[in-house]
Structures are given as C-alpha cells and as structure tokens.
1. Gaussian network model of the chain, Cα springs within a sub-10 Å range: biggest mean-square fluctuation belongs to which of 302, 237, 251?
2. Please grab the % of Cα pairs in the range 35-137 that end up more than 24 Å from each other.
3. FRET efficiency for residue 266 and residue 61, Cβ-Cβ distance as r, R0 = 35 Å, nearest 0.05?
4. Given a Förster distance of 41 angstrom, what is the FRET efficiency for residue 139 paired with residue 170, based on the Cβ-Cβ distance and rounded to 0.05?
5. Within 10 Å of each residue's Cβ, count the other Cβ atoms and sort 47, 214 from fewest upward.
6. Would you list, by chain and number, the aspartates and glutamates whose Cα falls below 13 Å from the Cα of residue 14, excluding same-chain residues fewer than 8 positions away?
7. Go through 112-120, 162-170, 304-312 and give me the packing order, highest mean Cβ count within 10 Å leading.
8. Any idea what angle helix 188-197 forms with the longest principal axis of the chain, computed on alpha-carbon atoms, 0 to 90 degrees, nearest 10?
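We did not get these values from a lab; they are worked out from the coordinates using the rules stated. Given the structure is predicted, the values throughout are model-derived calculations rather than measurements. Ideal geometry is used to build each Cβ from the backbone, glycine not excepted, and the neighbour counts take in all protein chains shown.
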Amino acid sequence: MKVLVLNVGSSSVKFVLIETSVEAIDNENEQKLGRGLVDKIGIANATVKFTAPGKAPYVSTPPVWDHAAAIKQVITVITDPEHGVIKDPSEIDAVGHRIVHGGEYFAQSVVIDDNVAEKITECFELAPLHNPHNLKGYQLMKEFMPYVPHVAVFDTSFHQTMPRHAFLYALPYSTYQKYKVRRYGFHGTSHRYMVYSLEKHFAKKSRCDFKAITVHLGNGCSITAIDKGNSVDTSMGFTPLEGLIMGTRCGDIDPALVLYLMAQEEISLNEMNTMMNKYSGLAGLSGFSNDVRELSEEMMKGNERAELALRAFAYRVRKYIGSYMAALDGADYIAFTGGIGENSVLVREMVMENLDRLGIVFDRERNANVPSGGGEISAEGSPVRVFAIPTDEELVIARDTVRCIAASKNKPCP
Ligand code: AMP
C-alpha cells in the first residue's frame, strides 16, 4: 500500500510517499517513492520541492498563501506527469500524520476519528506552536482523501511509559492535577527507531534483554533512558526546551534566571520565551551559528567561542549519559542519531572520550569511519557498546500507519 507521511508545521509541510505493507515491514522492504517540502507558507517566496528516485528534482515557487494551498501543492506535485510518482490521489491508501503532542491521552498511534481529533485539540495548549497545524493538515488532507484511513503518530506517546517519579516536577502536585504540568518528552519516533535498529541490526538481541541510552542530536536534542524497549526517562520535558543544549534552545537552566533576566532586561514573557528558544543554545553561546559544521570549522581555525559552544554542548550530553547510567543501573548500549549524532565525528568524540570508568571504551578510528548505514564507535570488548545510527522518523510513521490499519479500529498498535 502507498502511505503518505505528512509533517505539517507553522510555515512548512514535509511529505514522503512510502510503498509498504505488513509483509514489507517484516522484510524491511519498504520503498520511499518520493519526498518533498512546501516551505515558507504565507510568505512571498514560498518554494515547493520534490525528489523521487530516477527523476529530475522538481522546484517551483508558486504563491502558497495558506496551509490549504500548501496541501494542494503536495497533491499537485506527487501527481505531476513529469516529476510525480502517482497518476491520481486515489492511489494513496492511507495518510500518516506526525502529531507533536498527545498529552496523556495517547500512548500509541491511532486511526484518527472525531474523538481523536477532539483530544488532539485538547492538547493545543500543551503544544500551541505545533498541534493546531498538525491537526489542520489532517483536516485539509481529509478533504482530498475522505475515504482512506488517517493515522496520528505522536512525538510524545513513546514516553508515556515513564514512571511518575521520573515525569513529575517537584512543584505543588496540584499543578499536575490542574494544568497537566509534567514531563512529556518528545522525539519519540526517533528514540523508538533506535530501539528497533539496535534490536534488529546492531545489538541483534530482543529489546526485552537490554538497557539503552538513545541520544538524538539535531537542531533539537534529547536523550532517553530505555529499559526493555520502554522509555523510563527523557530529557525534554513539559516542552521541548528542557534538557540538552540545542541549536538555538538553552536546555536546562536555573528557573529563577527567567525571573531575574526579565527584570534586568525589562522584557516580556514573549521576549523571554524567544530568547530561550531562538537566541540561546549553540547560537547563543557562540554568538554566530547554530550549525555544528560551521562551528567545527571555526573551532579548528582557533575560534574560542565556537569551541566553548561545542564543549558546553558535549559536556551536557556527557552529564546526561552519566545520570541515565545511574537511572538505569547501567546500560548495555548507547545510540547516537540526528544530524549531529549521525555525522559529527568531533561532537561524538568530545562526548564519549575518557568514560572508561563507566564501561565505555571509545574507539577513535571507528568513530571517524562510521559507514553510511551506521556502525559501532566503541572498542572491541567495550562493556557498553556505542553506535551511531541514522534515524528514520518517516518510516516509523508509515509503519505505524500500516499496523494501526491492520490491527483495525479499536485495537492498539503493536
Ligand atoms: P537535524 O535537525 O537532525 O537535521 O540536524 C541539524 C544539525 O546537524 C546541524 O547542527 C548540522 O550542523 C548538523 N550536521 C548535519 N550534517 C553534519 C555533518 N556532516 N557534520 C557535522 N554536523 C552535521
């Protein structure tokens, strides 16, 4: 079956068309037919891009005033006679939607019906920048494809297995009861894919038989402690701002700093929020970039602020690895992923060197020569084995979509 995977954000729509089935999942025989992006929705120079194996890349700059126009562009480009991959939208059998926040309602992916849509709406206040657009994407796509199943795959659901002592903040308990204030965690599809990849390709062992720490380092960064395939703690919290240092987000800070800085700088809540989300992290520390490639190059040339930003970034990851080793009572595997985790030899080295006393014996050679499909970066015989593994969130969404449909309406996804 052909599954369209949709990721609708405030100003962009990312989409991938995947040919898959229950059997194809078992044999890892899925095929990505094409992927595209409608970017800068509502802005003068919007772009539509699409690439499909064996075809010339498609790029156009039509006016895309709103999300409805963006969804129309998705249909137009995938059915384009020259660049597209299908003749008619009726060839699409199902749509998998990335939904950022499922609150405490969803511990698994689900086929979307009115009740599910209502619950996603209830979670708007938990993810005001994401959930409204995610749901809008569903509503718009449903107009084009009313008769095919639409499945919601949540960033948060994987972390619903966290125990209360890990997900509660030490605030008055009434804040949890009244406002659902708790740690939710994000990047669930990526962390889940790491568990799958470890089990199937790298550890080659049932997930029931290992503990792992999965480290997603991209523009957003999070780290998860996993026991028997379940998330037991994760670094992102009530929002994706908590935890690791990220491209432009500060991660953990003293909460009293928010009050102090607002008073000192005489700035509003909104401005403080923008400072922590858009002007902090690697960009804030270096003063010039959130891009690890650029920072690494500058560091090699002797730029101290670039080095400081990268060292602070790596140090935070190290600290979390240490604390999750304690939380798990030791881990068997560590898996790095995301744009930085998969590609930055330098960052992985800064994080992993000299951790022998924790049972992590790092191998510089291996770290510098990871194959494109992923590989081990710890030394032969290291008690904790460490890998760099490419993530594939769209594949997780397509697989959940297929399985949810196969398991039919009321049964939970496997
Ligand atoms: P993501 O959000 O997963 O796309 O990751 C974005 C981050 O990955 C940026 O900081 C990039 O600089 C970093 N990145 C991507 N490719 C490389 C690479 N080859 N080497 C180092 N960092 C990279």
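1. 302
2. 37
3. Calculated transfer efficiency: 0.25.
4. Approximately 0.60, to the nearest 0.05.
5. 47, 214
6. Straight-distance partners of residue 14: 39, 393, 394.
7. Those peptides, ordered most packed to least, come out 304-312, 112-120, 162-170.
8. 80
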